[in-house]
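**Q** Here you go, one structure.
The values are calculated or read from the model by the stated rules, or taken from the named source; none is laboratory data. Nothing here was measured: the structure is a model prediction, and the numbers come from that model. Don't worry about glycine lacking a Cβ; one is built from the backbone with ideal geometry, like all the others, and counts go over all protein chains shown. Accessible surface is based on the protein model in full, side chains and every heavy atom, while ligands, DNA and RNA are left aside. Shrake-Rupley method; radii C 1.70, N 1.55, O 1.52, S 1.80 Å.
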Amino acid sequence: MRAEGRAAPESRPAPARRDAPLRALLRAPVGERIDLGAFDPRATPGGPAGKAAGLAATAALAEPLTALQERLYAAATAGDRRRVLLVLQGMDTSGKGGTVKHVIGLFNPAGCRIRSFKAPTPEEHEHPFLWRIKKALPVAGEIGIFDRSHYEDVLVARVRELVSRSQLGRRYAQINRFEQSLADDGVTLVKVFLHIGYEEQRERLLERLDNPDKHWKFSPGDIEDRGLWPEYQHAYELALQRCSTGAAPWYVVPADRKWYRNWAVTKLLLEHLEELDPRYPEARFDVAESRRLLLET
C-alpha cells in the first residue's frame with residue numbers, strides 16, 4: 001500500500017528512550033511517509049513497567065494536571081487566550097470513549113468542553129465541513145476534547161468515497177490552514193491517533209457481542225468497517241503524513257493495552273500544559289486594603 005504524491009522514506013518509530021519526553025517518543029514524523037505497520041500497537045514506549053505501575057503512575061498525574069488546569073483557567077480571567085484541544089482519532093474499539101472517561105476524569109469538568117462527532121446532520125451537511133468543528137472549539141482557559149473530529153472528513157469520506165480525490169486533497173490543505181490559525185490564536189493542539197491492532201479489535205468486538213450490557217455499543221456496520229481495515233489504515237497513514245505539522249503534530253499512541261493508552265494520553269497532556277506554564281494573574285485590587293476592610297466586618 002503506497003501513499004499518494006511524491007515518494008518519501010517510510011517512517012519508523014523511534015527507539016524508546018526512557019529519558020526522552022513522551023511527546024518525542026510518540027510524535028509522528030513530519031513530512032515523511034507513514035507506515036502504521038511499523039508501529040507495534042502493544043508497545044509501551046517510555047511507559048511504566050506493567051499494568052499495576054501504569055495505573056499508579058496515571059493516578060499520580062492527577063494532582064499536577066488539576067493544578068495546571070486551574071492556572072490555565074485563572075490566567076484566562078486576566079486575558080490569556082491560551083487553551084488546549086485534545087483530538088482523539090482511531091478505529092472502532094481503539095478506546096476514544098474510554099480515554100475520555102479515564103483521562104478527562106482527572107480534570108475539573110467545569111473547565112472542560114467535550115464533543116463527540118458522529119455522522120453529519122442534515123444541517124451540518126449544508127455547511128463546509130469545518131463549520132461544526134469551529135462551533136465546538138474550547139474558549140480561553142478551557143481544555144477541549146474531541147471524540148473524533150474534522151479528520152472524519154478525510155477518513156470516512158475517503159474510504160467510503162463520499163467526495164472526489166481532488167476535494168480530499170483540498171481538505172488536507174484546509175485542515176492544515178485551520179490548525180495553524182488555531183495555533184496562532186493560542187490553541188495547543190494535541191492530536192492523538194489511538195493505534196489498535198487488528199486482532200485486538202476482534203477481541204473487543206467479541207466482548208461487546210458476548211455481554212448483553214454492551215450490545216448498545218455494537219452495530220452490524222462494525223463488521224463491514226472491519227472488512228475495510230486496509231483502506232482505513234491507508235486513510236490514516238495519509239492523514240498522519242499530510243497533517244502532521246510543526247504547529248499541530250500527530251502522536252501515535254499504542255492502544256492495545258488500555259492502561260498504557262490512558263497513561264500516555266494523560267502524560268502527553270501534562271507535558272503540553274507544563275510547556276504552557278500558565279500563571280495565576282496578579283490581583284487588580286489593593287490586597288492589604290481589602291484585608292483590612294474584611295477584618296472590620
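**Q** Using only Cα atoms, find the angle between the long axis of helix 229-242 and the longest principal axis of the chain, and express it within 0 to 90 degrees, rounded to the nearest 10.
**A** 50
**Q** May I pose another question? Taking H as built 1.01 Å from N, whose amide H comes closer than 5 Å to the amide H of Val87, not counting residues under 5 places away?
**A** It is Phe146, Val190, Lys191, Val192, by chain and number.
**Q** Here is a follow-up. Step by step: find N for region 64-119, compute 2.2 N^0.38 Å, then divide the Cα radius of gyration by it. What's the final number?
**A** Working it through for region 64-119, the quotient is 1.31.
**Q** Show me the ranking of peptides 31-40, 281-290 by mean Cβ neighbours inside 10 Å, starting with the highest.
**A** Result, highest mean first: 31-40, 281-290.
**Q** In percent, what relative contact order does the chain have, based on Cα pairs under 8 Å that are 6 or more apart in sequence?
**A** Averaging sequence separation for qualifying contacts and normalising by length gives 32 percent for the chain.
**Q** Right, next: Place a +1 charge on the Cβ of each Lys and Arg in the chain and a -1 charge on the Cβ of each Asp and Glu, then give the dipole magnitude about the Cα centre in debye, rounded to the nearest 20.
**A** Computed charge dipole of the chain: roughly 220 debye.
**Q** Further, regarding this structure: For Gly246, what is the net charge nearby, where nearby means another residue's Cβ is under 11 Å from its Cβ and Lys, Arg count +1, Asp, Glu -1?
**A** 0
**Q** Hey, if you put +1 on the Cβ of every Lys and Arg and -1 on every Asp and Glu Cβ in region 147-297, which of Asn176, Ser164, Pro278 ends up farthest toward the positive end of that dipole?
**A** About the Cα centre, the residue reaching furthest to the positive side is Ser164.
**Q** Please figure out what share of the DSSP beta bridges in the chain is antiparallel and state it in percent, rounded to the nearest 5.
**A** Restricted to the chain, the bridges split so that about 5 percent are antiparallel.
**Q** Going highest first, how would you order 237-246, 178-187 by mean Cβ packing within 10 Å?
**A** Most protected by this proxy first, the peptides run 237-246, 178-187.
**Q** Same structure, new question: Report, to the nearest whole %, how much of the accessible area of the chain belongs to carbon and sulfur atoms, 1.4 Å probe, protein only.
**A** Accessible surface attributable to carbon and sulfur in the chain totals 53 percent.
**Q** Go ahead and estimate [θ] at 222 nm for the chain from helices alone: -39,500 (n - 2.57) per DSSP H run with n ≥ 4, summed, over the residue count, rounded to 500.
**A** Calculated at 222 nm, the ellipticity per residue is -14000 deg cm²/dmol.
**Q** A further question follows. To the nearest µm²/s, what D does Stokes-Einstein give for region 143-280 at 25 °C and 0.890 mPa s, using the Kirkwood radius over alpha carbon pairs as Rh?
**A** 144
**Q** Need one number: the % of Cα-Cα pairs in region 17-125 sitting beyond the 17 Å mark.
**A** 71
**Q** Could you tell me the distance between the Cα centroids of region 120-155 and region 238-297, to the nearest Å?
**A** 21
**Q** Could I ask something else about it? Count of lysine pairs in the chain with Cα atoms under 13 Å apart, counting only pairs 8 or more residues apart in sequence or on different chains?
**A** 6
**Q** Rounded to the nearest 10 degrees, what's the angle between the helix 258-276 long axis and the longest principal axis of the chain, both from Cα atoms, 0 to 90?
**A** That works out to roughly 50 degrees.
**Q** What are the extents of the Cα atoms of region 91-145 along their three principal axes, in Å, largest first?
**A** Computed over region 91-145, the largest-to-smallest principal extents equal 37, 32, 12 Å.
**Q** Additional query: Residues with beta-carbon under 12 Å from that of Ser164, excluding Ser164: net charge, scoring Lys, Arg +1 and Asp, Glu -1?
**A** Charge balance near Ser164 sits at +3.
**Q** Modelling each spin label as a point 7 Å along the Cα-to-Cβ direction, I'd like the Val139/Phe285 distance in nm, to one decimal.
**A** In this crude label model, Val139 to Phe285 measures out at 2.2 nm.
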